[in-house]
Amino acid sequence: MVSTVILNQNPFITFPKSLPLKRVIVDLAKILMDNYCSPEKLAGMEEAIDTGSSNTDILSISDPATLASVLTDGVKKTIFDSRVKVTYEPGYVPPAPPAMPDFPPEQLAEMIKGTVKVEVLDGNIGYLKIQHIVGEEIAQKVGPILLEYIWDKVLPTSAMILDFRSAVTGELSGIPYIVSYFTDSEPRIHIDSVYHRTSDVTTELWSMPTLLGKRYGTSKPLIVLTSKNTLGIAEDVVYCLKNLKRATIVGENTAGGSIKINKIKVGDTDFYVTVPVAKSINPITGKSWEINGVAPNVEVAAEDALDTAIAIIKLRAEIPGLVQAAAALVADNYAFPSIGDDVVEKLGAVVASGEYNQISTKKELEAKLSADLLKLSGDKCLKATSNIPARPPMNLTPEMFIELIKVSFHTDVFENNIGYLRFDMFGDFEHVAKIIAEHVWDKVVDTDMLIIDLRNNVGGSTSSIAGFCSYFFDDDKQIVLDHVYNRPSNTTSDLLTLTQLTGRRYGSKKSVIILTSGATAGAAEEFVFIMKRLGRAMIIGETTHGGCHPPETFRVGESDIYLSIPISHSDIAQGPSWEGAGIAPYIPVPADAALDTAKAILNKHFSGQK
């Protein structure tokens with residue numbers, strides 16, 4: 001606190017010595033009690049008045065500007081509202097309330113046109129830059145002229161951009177007037193409620209059933225541009241259109257102003273208090289845009305907002321065609337034709353319902369498309385994806401291949417000659433079969449029992465499934481492992497055991513246990529499915545992921561959006577396969593307990609054979 005002695009040493013201080021400071025504090029509190037828009041936040045005001053009125057540090061302040069600053073801080077700490085401010089302004093003359101200009105309609109329209117820029121951009125995009133939100137009274141007076149020179153120019157466009165980046169003033173009655181042009185006439189919509197503290201009256205703002213001229217409607221894209229300077233009434237319009245989901249807001253967070261602020265003289269002093277006397281409560285959110293402003297849907301620098309808005313509109317124009325092209329890919333390639341046809345039909349209905357109308361970026365489109373494909377098909381593998389180019393083949397020496405195999409496979413031999421084999425990805429093993437046989441398989445093939453750990457195996461290529469399965473069956477006859485249907489060719493092929501293998505077989509007599517978890521997916525699930533269905537292995541652990549055969553990637557039209565589509569599925573003649581649902585274990589245990597459970601079972605089996 002600045003001391004009175006130091007203040008009094010300043011010869012330029014003109015604070016009146018006779019000023020009753022207690023009276024200033026009391027009058028200030030009364031102004032707030034009578035005018036502040038949120039009276040419920042004034043619960044501690046009386047206590048603050050008593051404290052301030054008896055605070056000798058405050059009462060000893062001689063500099064009016066310092067006192068104003070101290071009072072401002074005290075009020076803010078009481079009601080936590082940064083808009084309330086006490087100032088000391090000798091000679092301040094409050095501006096007279098603006099009166100309706102008594103100009104001919106033509107002259108008034110010219111003045112209004114000076115605050116509005118209208119243009120039709122490439123692509124038949126309407127553009128309106130508005131700096132002042134006119135009220136209903138003025139709009140009615142000059143409406144026909146505004147329709148002819150402004151509105152009728154953009155009404156036929158296929159999309160609209162409202163530029164509020166410089167909108168800093170406006171009239172309350174203009175809120176429903178503007179919003180109504182972008183809504184339907186019926187049913188009427190409650191768009192805002194404004195509470196006026198001085199009259200203790202709440203005004204409800206509703207969409208208007210009748211307007212001058214035609215409405216822009218609800219089906220065409222609407223983008224509103226904002227900046228950190230967008231203020232007051234314009235913020236209310238932005239907030240309404242955003243929460244009605246009628247517009248996409250692009251730009252910066254708005255200023256966080258107020259619906260109405262008054263500057264009120266404190267008694268007969270030169271102190272003034274700036275106080276919000278009304279507040280907006282949106283009926284949809286139950287909240288307000290005041291203080292915090294309106295957050296954009298797509299945040300970019302103000303100077304980039306227009307280009308971003310144009311890009312969004314162009315994307316939205318392409319979306320129906322892109323979704324239709326995606327649906328055609330599903331119909332022609334998805335592994336389950338009946339489900340694919342159902343997805344195509346329902347996806348078209350989703351687009352027609354308008355659910356894609358608020359999409360602003362390619363990323364949002366991919367996320368929405370993936371979510372809809374999952375919801376309609378129940379298949380988590382059917383989704384939008386990135387086009388990841390295939391890796392070029394690695395030019396590895398035999399020694400390098402050996403080292404790669406060693407780190408990709410883990411083997412062990414436990415007590416009672418129980419073999420353990422773990423690998424976390426299936427691949428095209430045929431060209432390295434000899435290396436795998438020598439450095440991996442030969443370490444476990446002579447064990448009496450085998451645990452295959454696929455708890456972390458996320459899938460990969462299915463090209464080696466038939467060969468890997470074959471090691472667990474005898475060579476006296478070929479066994480049909482699975483019937484695999486391929487949708488693009490509309491054919492079913494038999495997956496058979498191989499008659500010739502690299503290395504020795506484990507055979508069909510020795511016990512095999514496969515460990516699974518919720519991460520076990522894709523090709524690993526196909527192996528588990530086959531081994532379980534043919535009764536060749538016991539499954540211990542958790543239900544598998546429920547993935548799919550390796551999907552194919554398809555480009556959607558000429559865009560840079562791609563779909564991942566499963567094109568094949570396993571045999572479903574004897575009931576549902578593993579795709580989607582996963583494979584339930586014989587003995588369900590948590591994944592981290594599966595290995596110990598398997599060891600215990602095999603050790604008990606070994607003891608029983610003695």
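Quick check on Glu171: is it at pLDDT below 90 and either among the acidic types (Asp, Glu) or surrounded by fewer than 17 Cβ atoms within 10 Å (Cβ to Cβ) (or both)? When the stated conditions are applied, Glu171 does not pass them. Scanning the range 428-454 for residues that are part of a loop (DSSP other than H, G, I, E, B) and open to solvent by 40 Å² or more (accessible area, probe 1.4 Å), we see that the one that is farthest from Tyr506 (Cα to Cα) is Asp428. Looking only at the range 537-558, count every residue that is touching a residue at least 60 places away in the same chain (Cβ under 8 Å), farther than 21 Å from Ser517 by Cβ and open to solvent by 20 Å² or more (accessible area, probe 1.4 Å) and tell me the total. Residues flagged as touching a residue at least 60 places away in the same chain (Cβ under 8 Å), farther than 21 Å from Ser517 by Cβ and open to solvent by 20 Å² or more (accessible area, probe 1.4 Å) within the range 537-558 amount to 6. Scanning the range 214-243 for residues that are aliphatic (A, V, I, L, M), closer than 17 Å to Ile259 by Cα and outside any loop (DSSP other than H, G, I, E, B) yields Ile233, Ala234, Val237, Val238, Leu241. Of all residues in the range 126-139, those that are part of a strand (DSSP E or B) have Cβ atoms under 8 Å from Cβ atoms of residues that are open to solvent by 10 Å² or more (accessible area, probe 1.4 Å) and hydroxyl-bearing (Ser, Thr, Tyr), 6 or more apart or on another chain, in Lys129/Ser166; Ile130/Thr115; His132/Thr115; His132/Thr169; Ile133/Thr169.
Within the range 334-376, the set of residues being under 19 Å from Glu552 (Cβ atoms), open to solvent by less than 20 Å² (accessible area, probe 1.4 Å) and either of a type in the set (Ser, Thr, Tyr) or assigned to a loop (DSSP other than H, G, I, E, B) (or both) comprises Tyr334, Ala335. A residue that is out of contact with any Pro (no Cβ under 8 Å at 6 or more places or on another chain), at pLDDT 95 or above and open to solvent by less than 20 Å² (accessible area, probe 1.4 Å) occurs nowhere in the range 572-580. In the range 296-313, the residue that is farthest from Thr361 (Cα to Cα) out of those that are in contact with a strand residue (DSSP E or B) (Cβ under 9 Å, 6 or more places away or on another chain), assigned to a helix (DSSP H, G or I) and of a type outside the set (Val, Ile, Thr) is Ala302.
The requirement of being in a helix (DSSP H, G or I), in contact with a Leu (Cβ under 7 Å, 6 or more places away or on another chain), touching a residue at least 40 places away in the same chain (Cβ under 8 Å) and closer than 24 Å to Tyr181 by Cβ is fulfilled nowhere in the range 246-257; no residue meets it. Screening the range 123-155 for residues that are over 27 Å from Leu205 (Cα atoms) and modelled with pLDDT of 95 or more and picking the one that is farthest from the chain's Cα centre (by Cα) gives Asn124. Can you name the residue in the range 463-481 that is hydroxyl-bearing (Ser, Thr, Tyr) and touching a Phe, Trp or Tyr at 6+ places or on another chain (Cβ under 7 Å) and is also least open to solvent (accessible area, probe 1.4 Å) among such residues? Within the range 463-481, the match that is least open to solvent (accessible area, probe 1.4 Å) is Ser464. When the range 482-525 is limited to residues that are among the polar types (S, T, N, Q) and open to solvent by 50 Å² or more (accessible area, probe 1.4 Å), the one that is farthest from Pro337 (Cα to Cα) turns out to be Thr502. Among the residues of the range 140-168, the ones that are open to solvent by 10 Å² or more (accessible area, probe 1.4 Å), under 30 Å from Ile261 (Cβ atoms) and not in a loop (DSSP other than H, G, I, E, B) come to 4 in all.
Within the range 221-241, being open to solvent by 50 Å² or more (accessible area, probe 1.4 Å) and within 24 Å of the chain's Cα centre (by Cα) holds for one residue alone: Lys228. Residues of the range 187-213 being assigned to a loop (DSSP other than H, G, I, E, B) and free of Cβ contacts under 8 Å to residues at least 12 places away in the same chain, which ones? Hits for the range 187-213 are Pro187, Ser199, Asp200. Could you tell me whether any residue of the range 84-96 is out of contact with any helix residue (DSSP H, G or I) (no Cβ under 8 Å at 6 or more places or on another chain), open to solvent by 80 Å² or more (accessible area, probe 1.4 Å), modelled with pLDDT under 85 and closer than 15 Å to Asn262 by Cβ? The answer is yes, given that some residue of the range 84-96 is out of contact with any helix residue (DSSP H, G or I) (no Cβ under 8 Å at 6 or more places or on another chain), open to solvent by 80 Å² or more (accessible area, probe 1.4 Å), modelled with pLDDT under 85 and closer than 15 Å to Asn262 by Cβ.
The values are calculated or read from the model by the stated rules, or taken from the named source; none is laboratory data. No experiment lies behind these values; they were computed from the predicted model shown. Cβ sites come from the backbone with ideal geometry, for glycine too, and all protein chains shown count toward neighbours. Note: accessible area is taken over every heavy atom of the protein model, side chains too, but ligands, DNA and RNA are not part of it. Shrake-Rupley method; radii C 1.70, N 1.55, O 1.52, S 1.80 Å.
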